[in-house]
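Remarks on the structure that follows.
Bear in mind that the values in this text are calculations on the coordinates, not laboratory data. Everything numeric in this text was worked out from a predicted model, so none of it was measured. In this analysis, Cβ positions are derived from the backbone assuming ideal geometry, glycine residues included, and neighbour counts consider all displayed protein chains.
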């Protein structure tokens, strides 16, 4: 059976994933609950190994939690030869270093769906040291492979590069695209409904701290020269995830909480296995999670006659 051979399949799944790892097992159990909540038979052939596949995908897609950006940067710093301590001009020694079109993906912290990221990095060496270009991509990936939202992702990449390289300034520009599931009503009423929710965010330090500075102007000019342009984001950072847009979370949560409690608990378990807090101000909050938690208390209270 070649690639479909059972032994080959199991060996492939185990590559990079410890099947007896408690975290992987907990995530597999959570995925089974989600599948059962959808009305699926988790024992049928097509879904028998799905929990393991999903666990492997999530652990691989969020491996940034186990990585440190400083470890990547420290091993790839080189002295910048021929520079004095002043800031060089673009086009000469000490000028602007740009790496564009880094293709990344991350998981939306609000709904756990993956979103696409086109990352552009620029920095101006301070006359002390530079970093290997490939490491800019690796550092960006460390933070992308976590539960994220666009602005925080840009800020974390920017802060890590500034701290590790200590340049005159770092500029990060991200173009992010989130899958949108249009409602049946929008499909019927609008023939040009959008499949993707898009946004562009920036973050800067040092000479790039002011987005209206000449340094940002130089970077944008270089990117436009290579065919890049910034589209005005149709959404704000507060409603970046399409699933956070109306109707209100409370309205949805309280009408579905009774049927979805096991599924909500399963998603909470997945978030906690990744090392995040599903509820509270100090960690990402899955879409509707806070409202569902409140409604869960109300639902259980009414169910057991406590309210």
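Between residue 138 and residue 78, what length in nm is gained on full extension when 0.36 nm per residue of separation is reduced by their alpha carbon distance?
On the way: separation 60, 0.36 × 60 = 21.60 nm, distance 1.68 nm.
Length gained, residue 138 through residue 78: 19.9 nm.
Test of understanding: what is the full-extension gain from residue 66 to residue 112, defined as 0.36 nm times their sequence separation minus their Cα-Cα distance?
The residue 66-residue 112 span can extend by a further 14.7 nm.
Computed FRET efficiency, Cβ-Cβ of residue 53 and residue 99, R0 51 Å: what is it to the nearest 0.05?
For residue 53 and residue 99, the calculated efficiency is 0.95.
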